[in-house]
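Inspection log for the structure reproduced underneath, given as structure tokens.
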Amino acid sequence: MDKELIAQCEAKAKQWLSPAYDEATRTEVQAMLDAEDKSALIDSFYQDLEFGTGGLRGIMGVGSNRMNIYTVGMATQGFANYINKAFPEGGKSVVVGHDCRNHGREYAEAVANIFSASGIQVYLFESLRPTPEISFAIRQLGAIAGVNVTASHNPKEYNGYKAYWADGAQVTAPHDTGIIDEVNKVKVEDVKFEGDKELIKIIGGEMDYDYMMAVKEAMVDQEVINRQKDLNIVYSPMHGTGRVIVPLCLRSWGFQNINVVPEQMVVDGDFPTVISPNPENAEAMTLGMKLGTKLNADLVIASDPDADRLAIVCRDPKGEWIIINGNQTAMMFCYYIIKNKKALGTLNPTDFLVKTIVTTEVIAKMAAKDNIELRDVYTGFKWIAREIALSEGKQKYIGGGEESFGFLPFDKVRDKDSPASICLICEIAAWAKDQGKTLYDVLMDIYLEFGFSKEFTVNVVRPGKTGADEIKAMMENFRNNPPTELAGSVICTWKDFKSLEQKNADGTVTKMDMPDTSNVLQWFCTDGTKVSVRPSGTEPKIKFYIEVKGEMGCADCYDRCTKEAMDKIEAIKKGLNL
């Protein structure tokens, strides 16, 4: 083990033995220092938990590389300092919320105290609330910023801190770097943990109502819901924040047959009924599917703990439950929005859609068919929010999403929104049922019209300091030695979003027009195969997004196309040593 690294971590850990930290923290840090095995010490102190452009996220525990009251406190003090420097006049306010995670309320109250002690009015939600409602409340209350204490869909060991600006979106330039600079200046002794109670206002039900009314703006066709109001819906909040608001929103749209998964209606940061509360993981939907079978439901839906992502399960022709993946979810939303707004005469030539660069290219085909503008942006909903803001008052945003089960079907929120998306997917299911179809049939219709596409994400997890170094080395190797083919498919375009250069097969190099650089590589093949590579910004892993194409002559060809695509994906993985 690296002696120099151990010495650095020990020196940093000893700073946590000062009276500025509570006794329990000091005791735990001392135990790490005394332990013969220094692995825990290194993982907890080898770096400072980075306050990035989206905020913080990490494993809870003591240490500079962990989520705790002190790392949260220093981040908040830096955020407050930036707000006061950028806007020295009074009357500023922020919105603070949290989800169901362990220590969530503790961290949220600490955040509220620090902002208030810094002279900033705080609107603190009375209890856990969805991330999209925090985004909505910021704009509704005219706040300058907001914080939601959440780790979204991460495992139970994690917590996090999403930072928002006045537009309700996660912070972007120039404020992002300005906040980070201020956060990096703060020491624990600078943090004002003692709040000003006069500046903290508790909010709750009235904002829930306003948000629920806003969600109705995502509706496309009320009449189809009226005809299918008895659509049999099973919903799970996965122990999190959607438990109250999602059923209320569904009822406000007109749905009357809403059934909830009782075991997962219990608020619990340990998520006892799932391995991980991530809608991307099939096992998380097991209880919902079990209840769906019992009740003969039309579909099973779920939101993740902070209710920004959704998961959808529907029946195939054999009556078996199948999970609609994130790309299919985004495809289905875009397909329905375009098709039915066009049919109702509410689709305008200036309307636009947004997707992230790692999301399926099928959506590009849909948009092109009806001459709808589609914008490609970086991963992360702040980039989708940016496009909405840039076009406000000029063009209408009608939907946007990403492959990781996030979609936003209206513009009153500036982050992915599962309550609104869940209501809309139920409307789509009602529309399908109106025609004697299911969501599965709608998916097949999309593939028959626009061509088959199979997307697959490979997550290579490398925790700790050694893992971070390994991920960095992998990216450098791919950047310096890019592949020329993928499982026999010839690469014709290489994109490097760090240099913003696109290299083409004929040797030409063009500059890409993006608002910023990003550590992402993409390779496009002549047959439509696409591979994107990016390190995660919130977890110790590097992600490979693989998309391969095929042709479906009929709906019965789906299984064959899927098998052929998976064989190709396995060959691509082997070629990339994954």
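The values are calculated or read from the model by the stated rules, or taken from the named source; none is laboratory data. Being a predicted model, the structure only gives us computed values, none of them experimental. Backbone-built Cβ (ideal geometry, glycine too); neighbour counts: all protein chains shown. Accessible surface areas use protein heavy atoms only, side chains included; no ligands, DNA or RNA. Shrake-Rupley method; radii C 1.70, N 1.55, O 1.52, S 1.80 Å.
Students often forget the sequence filter, so: which aspartates and glutamates lie under 19 Å Cα-Cα from Lys396 once same-chain residues fewer than 8 apart are removed?
Asp167, Glu217, Asp221, Asp351, Asp370, Glu373, Asp376, Glu387, Asp411, Asp415, Asp417
Tell me the angle of helix 326-344 to the major Cα principal axis of the chain, expressed in degrees between 0 and 90 and rounded to the nearest ten.
Taking Cα atoms only, the helix is inclined about 60 degrees.
Which percent of the accessible heavy-atom area of region 486-578 goes to carbon and sulfur, probe 1.4 angstrom?
Accessible surface attributable to carbon and sulfur in region 486-578 totals 50 percent.
Run the quick spin-label model on Asn459 and Asp370: label points 7 Å from Cα toward the beta carbon, then report their separation in nm to one decimal.
About 3.3 nm separates the two model spin labels.
Give me the one-decimal nm value for the distance between modelled label points at Ala343 and Ala20, 7 Å along each residue's Cα-to-Cβ direction.
Roughly 6.2 nm, to one decimal.
Restricting the calculation to Cα positions, tell me the Rg (one decimal) and the Dmax (whole number) of region 311-446 in Å.
14.3, 48
Give the accessible area for Val461 in Å² (nearest 10); use a 1.4 Å probe, count only protein heavy atoms, and leave out ligands, DNA and RNA.
Accessible area, nearest 10 Å²: 80 Å².
For Leu124, list long-range residues whose amide hydrogen, built 1.01 Å from N in the peptide plane, is under 5 Å from its own amide hydrogen.
Those lying under 5 Å, H to H, from Leu124 are Val96, Lys201, Ile202, Ile203.
When the accessible area of region 95-158 is split by element with a 1.4 Å probe, what percent falls to carbon and sulfur? Spell out each step's value before the answer.
Numbers: 620 of 1480 Å².
Roughly 42 percent of what the probe reaches on region 95-158 is carbon or sulfur.
Skip the ligands, DNA and RNA, and give the accessible area per residue of the chain with a 1.4 Å probe, whole Å².
Values: 22990 Å² over 578 residues.
The answer is 40 Å² per residue.
In Å, what Kirkwood hydrodynamic radius results for region 451-578 from the alpha-carbon pair distances? The partial results should precede the final answer.
Working: mean 1/r = 0.0636 Å⁻¹.
Here the Kirkwood hydrodynamic radius works out to 15.7 Å.
Can you list the lysines whose alpha carbon is less than 26 Å from that of Lys290, not counting same-chain residues fewer than 8 positions off?
The qualifying lysines are Lys156, Lys229, Lys318, Lys433, Lys437.
In whole Hz and in residue order, list the ³J(HN,Hα) couplings for region 174-181 that follow from phi through the Karplus curve 6.51 cos²θ - 1.76 cosθ + 1.60, θ = phi - 60°; x for Gly and Pro.
Whole-Hz 3J(HN,Hα) from phi for region 174-181: x, 5, 4, 5, x, 5, 4, 4.
Straight-line reach from Lys574: which aspartates and glutamates have a Cα under 13 Å away, not including same-chain ones fewer than 8 places off?
Excluding near neighbours in sequence, the set is Glu485.
Asp34 to Asp567: extension gain in nm, 0.36 nm per residue of separation minus the Cα-Cα distance?
Extending this stretch completely gives an extra 186.7 nm.
Please work out the Cα center distance from region 109-134 to region 177-251, rounded to the nearest Å.
So the two Cα centres are separated by 13 Å.
Could you give P(r) for region 1-148, binned at 5 Å from zero, as whole percent values over all Cα-Cα pairs?
2, 9, 17, 19, 17, 13, 10, 7, 5, 2, 0
Taking Cα atoms, how many degrees apart are the long axis of helix 381-391 and the longest axis of the chain, rounded to 10 and kept between 0 and 90?
Helix 381-391 and the main axis of the chain meet at about 70 degrees.
Would you work out what percent of the accessible area of region 188-236, with all protein chains in place, is carbon or sulfur (probe 1.4 Å)? Write down the numbers at each step before the final one.
Values: 1190 of 2580 Å².
Ligands and nucleic acids excluded, carbon and sulfur give 46 percent.
Between their Cα atoms, which of Lys92/Lys412; Lys85/Lys197; Lys201/Lys416; Lys339/Lys412; Lys342/Lys549; Lys472/Lys530 are more than 24 Å away from each other?
Correct reply: Lys201/Lys416; Lys342/Lys549.
Give me the angle, in degrees from 0 to 90, between the Cα long axis of helix 464-480 and the longest principal axis of the Cα atoms of the chain, rounded to the nearest 10.
Roughly 50 degrees between the two axes.
Taking a cut-off of 24 Å, what percent of all Cα-Cα pairs in region 74-233 are separated by more than that?
Result for the distance tail: 36 percent.
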